[in-house]
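Accompanying notes for the structure given below.
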Amino acid sequence: LAAQLGGPSHYRFDLVDRSGRVLSDPLGDRFSTAAPLSSASWIAGSSRVEPEAWRIDAALDRTAALAPTTALLWRAAGLSVVVLLLIFISLAVVQQRIARPLRRLTRAIADASHGGARTPVPATGPTEIVQLADEFNEMVSLRNDYEEQLAHQALHDSLTGLPNRALLADRLAQSLSQASEPRSVGVVFIDLDRF
């Protein structure tokens, strides 16, 4: 029986008489020098052959008994490491594909609200973020066009398209600030009465 269950190195059987004396093991060897079955290295159990006669004490080496459980624990630990690695890789992908494009878009929106964001935002990431970036870029482009139109209307006559008094004052101020002497700039004023 011991040979079928892994050999005498893992299993131990003692035949004990009713006085508690070990007679022999079923293989015919004596365990006089072996560790007693109650030691910490064995997991023991006993069974009576006859109520008033002998009993068989059987023990299994603790290392052999715990080997399947130890292997299962190591497999579970390895699986836990693999799951943690997959979680970290997933977080890195989310960071790369979603978080960075959203941060760029958020910064561009904040700049646009303070008058900046003249350049388009790169449209990268998932489809929804690309659509948001494209819409934002179109809004910035329209705003820039409107600002240019307003600046032109503020400095030119709406009927003739010629420069108006505001543009004249601006150019005169620029010329006076760049002139080395005040006498080097000349201004001619022409007025038409009852035009």
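Of all residues assigned to segment 144-167, at least one qualifies as being farther than 30 Å from residue 111 by Cα and assigned to a helix (DSSP H, G or I). Within segment 87-123, track down each residue that is open to solvent by less than 60 Å² (accessible area, probe 1.4 Å) and closer than 30 Å to residue 147 by Cα. Within segment 87-123, 101, 105, 108, 110, 112, 115, 116, 117, 121, 123 meet the criteria.
In the set (1) outside any helix (DSSP H, G or I); (2) within 30 Å of residue 188 (Cβ to Cβ); (3) of a type in the set (A, V, I, L, M), the condition left unmet by residue 121 is number (2).
The values are calculated or read from the model by the stated rules, or taken from the named source; none is laboratory data. Since this is a predicted model, take the numbers as computed values, not measurements. Ideal geometry is used to build each Cβ from the backbone, glycine not excepted, and the neighbour counts take in all protein chains shown. These area figures cover heavy atoms from the full protein model, side chains too; ligands, DNA and RNA do not enter into them. Shrake-Rupley method; radii C 1.70, N 1.55, O 1.52, S 1.80 Å.
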